[in-house]
Every structure is written in C-alpha cells, then in structure tokens.
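Scroll down for the structure; my scribbles are underneath it.
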Amino acid sequence: MKSENFQLQNYNTFGLQAQALVFFSYSSHEDLCSFLKNDFRRDLPFFILGGGSNILFTRNYPGTIIHPETKGISIVKEDSDTVFVNVAAGEIWDDFVKWAVEHNFYGAENLSFIPGCIGASPVQNIGAYGVEAKDIIHEVHCLSIANQTERMFSNAECKFGYRDSIFKHEEAGKYIVLDVTFKLQKHASFNLRYGSLQSVIDESTATLQTVRDAIIAIRKDKLPDPKEIGSAGSFFKNPVIPKAQADALKEQYPTMVTYPVGDEHTKIAAGWLIDSLGFKGFQIGGAKVHPKQALVLTNAGDAEGSDVVKLAEEIQRKVFETYGIAIVPEVIYL
Ligand code: EPU
C-alpha cells in the first residue's frame, strides 16, 4: 500500500505527529520488489520503519517511509539440541519471544517485552538483561535496495556491537531485512546473572515462563507502557569511557553505577548520571524525563519532536558539564 502525506503518529511509540511524504507498507516480497523497481523515488531520502520504537520524528519526513508487514514464524532445521527458527521482518519482536517460550526453546526469554519488530533486531542488536539479539541470531536475509538481489549475512558478517551492526555502518541504507533466522536451544540454559533478575528468580526452579514473566514485570515496573505513555525506551546509550577516567569519577562519586568492559574501559549507567542531576520528572514543553527511570524520555501528552530534542540537549549539556562524559542518543532522529 502506498500513501502520500501519511500521518505517522500511530507508527512511532513516542506518539509524535509527523507526516511522511510517501509511506509504503508491504506484506509480500513481491510487492516490495515491485515498489522498489517501479515506484521508488531515488531522489528523496528513505527510511525503513519497523515498530517505530527507537525513532524520534523531529519534523515531517521529506521522503519515503518503507514499513514491513510480512508475517511468519517457522522452524527451518533442528536436531536434538538446537532449533533454527525463521521469522519475517514484520513480525512483532515479542510475539516471537512468546512463541519461543511456548515451544520450550531457550535463548530469547531475556529479551521479552522489548517493543519493535523482528527486522530491526539485527540492525540495532537489541538487548536487555545480559542478552543481546546477536547471541541468538544465526543469519539475516536481506534484499538489496539498488538491484533487488538477495543476500544472506552470517552472524559474523553482521559485525555486531553494543546496539550496533554493519547495517548502521558499511551497509547502512543498502539493504532491507526480509527475515531473520534465530538459533535457539532445546535444553535449559538460563542467563540470570543480571542484577535485578538474580534477586527475583531462583535458578534451580526457573522455567522459561517464569523468567519471561519476571522480565515483563521488571520492565512494566520501570518502563512506561508505550500504549499509555509515549516513549522510545532508553533514550541514550550507556557511555563507555577509559577505565582511568571512570576510576577517578568513581572516587569522587562512589555511588556511580559502572560495569567493566575488557581491561581498559568502563561502561557507565547513563540512567544513574541523569538521575544524579535531579532530572527525574523534569519537563520541557511536552517532553518529560520518566519519573521511574531517568534514561527514558516520554511524551507527557502533547509533545512536539522539538521538545524532546531540547530536553535531550539539556540533559547532555548538564551531564557533560558535571562529569565530562558525552552521552549520545540510542534513538534515531529523523
Ligand atoms: N539507574 C539510576 N537511576 C535511574 C536509572 C537507572 O540510578 O533513573 C541505575 C540503576 O539503579 C542501575 C543502573 O542505573 O543500577 C542501570 O539501570 P538499568 O538496570 O535500568 O538498565 P539501563 O542501563 O538503564 C539497559 C538497556 C535497556 C534494558 C536494560 C535491562 C541501554 C541503553 N538500555 O538499561 O534497554 O532494558 O538495560 O537490561 O543499554 C532500550 O534499549 O530501550 C532499553 C530499555
């Protein structure tokens, strides 16, 4: 389906009003190929929009929004230990996690309740509670935008990093993810090391469903439900800085939350940095820092994209002024 001057308010979890000059959604690969061959305006910018859960529309979008609505979850290969599951780009991420849990397949459960679509999971290497999409992605099946040829990217070829992949660098803007094949385990193997999980789940009695339920409960407690309050989850990435700089800061601010990254770097909880400056509940125009989790910026009702930009800039400025750390958005500005 192709529309012009299309309202995107229901296609971004911030719930911001913005119009796309052209909006194209498709539920088959044939429709996508035919659009790219015949209708696609190469002189305009374009963006592939999944669930819109990591996007900030700062203005009307002056190009084409391509939105996958392809569906399908199927087992493509299995042996006694592992199962390979192929999932279409347009499937809701959490529907896949729910499916995996119901089929007794291990590996996706810590990623329960993350908003968004399957197609975005390799691009952004989504992650939570000690697990990242890269831990279960086997390969990513893509379509070239330039000539509609198909290409398979192995896990290694995706060059995954923290909220990062080749699709944000060398291959940015060149491919559309068609479907992703995940490798899941048939035998119990949980990852419950992440702080707040350990205290709520006993590994000896854990089941896939209890782990999923616990994670959903933690996320519901801390993160706003996008159906009620617009947001894009964590707004900033957790910064990684040289260990020496982090050690000096930690001496000055002993409660600062830090995690070692290799021998020479330290990851700092951006939520702590923002919270420590008293930002919880702080508001500029319609944009507000979530009172329960300072890393999340929300739409308090009638926010404009520019309110969120101003709020983010004020936070970045104060964090830099106080701690000398530049925090950068995880959310993509359009
Ligand atoms: N903290 C505060 N105050 C706050 C927020 C956090 O002091 O207002 C402290 C917490 O007490 C905790 C630490 O900062 O000790 C880290 O906070 P949390 O465990 O909530 O995790 P996070 O680093 O804020 C990351 C991901 C989330 C993911 C959680 C759970 C990023 C940018 N965010 O958040 O991902 O759900 O870990 O694994 O890496 C998302 O990407 O949208 C997202 C929600």
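The values are calculated or read from the model by the stated rules, or taken from the named source; none is laboratory data. All values reported here derive from a predicted model rather than from experimental measurement. Here the Cβ is made from the backbone with ideal geometry for all residues, glycine too, and neighbour counts use every protein chain on show. All accessible areas refer to the heavy atoms of the entire protein, side chains included, with ligands and DNA or RNA removed. Shrake-Rupley method; radii C 1.70, N 1.55, O 1.52, S 1.80 Å.
Side notes on the structure shown:
- Shape index of segment 227-333: Rg/Rh, with Rg the Cα radius of gyration and Rh the Kirkwood radius from the inverse mean 1/r over Cα pairs, equals 1.00.
- Most fluctuating residue given options SER53, SER80, SER231, as computed from a GNM of the chain linking Cα atoms under 10 Å: SER80
- Extension gain (nm, one decimal) between GLN9 and LYS250, 0.36 nm per residue minus Cα-Cα: 82.6 nm
- Partners for LYS186 among lysines (Cα-Cα distance below 22 Å; same-chain residues under 8 apart left out): LYS77, LYS98, LYS134
- Stretchable slack from ASP164 to HIS265, in nm (0.36 nm times residue separation minus alpha-carbon distance): 34.6 nm
- If the segment from GLU321 to VAL240 were pulled out straight at 0.36 nm per residue, it would be longer than the present Cα-Cα gap by 27.4 nm.
- Links that overshoot a 28 Å alpha carbon limit, given the list LYS174/LYS280; LYS267/LYS310; LYS71/LYS220; LYS174/LYS267: LYS174/LYS280; LYS174/LYS267
- Simple spin-label estimate for ASP202 and LYS227 in nanometres, 7 Å along Cα-Cβ: 3.2
- Average accessible area per residue (Å²) across segment 263-305 - probe 1.4 Å, nucleic acids and ligands excluded: 42
- Surface share of carbon and sulfur [accessible, 1.4 angstrom probe, percent] for the chain: 50
- Taking the inverse of the mean reciprocal distance over all distinct Cα pairs, the Kirkwood hydrodynamic radius of the chain comes to 21.0 Å.
- Average accessible surface area per residue within segment 53-193, 1.4 Å rolling probe, Å²: 39
- Modelled spin labels at ASN147 and TYR333, positioned 7 Å past Cα toward Cβ, are 3.6 nm from each other.
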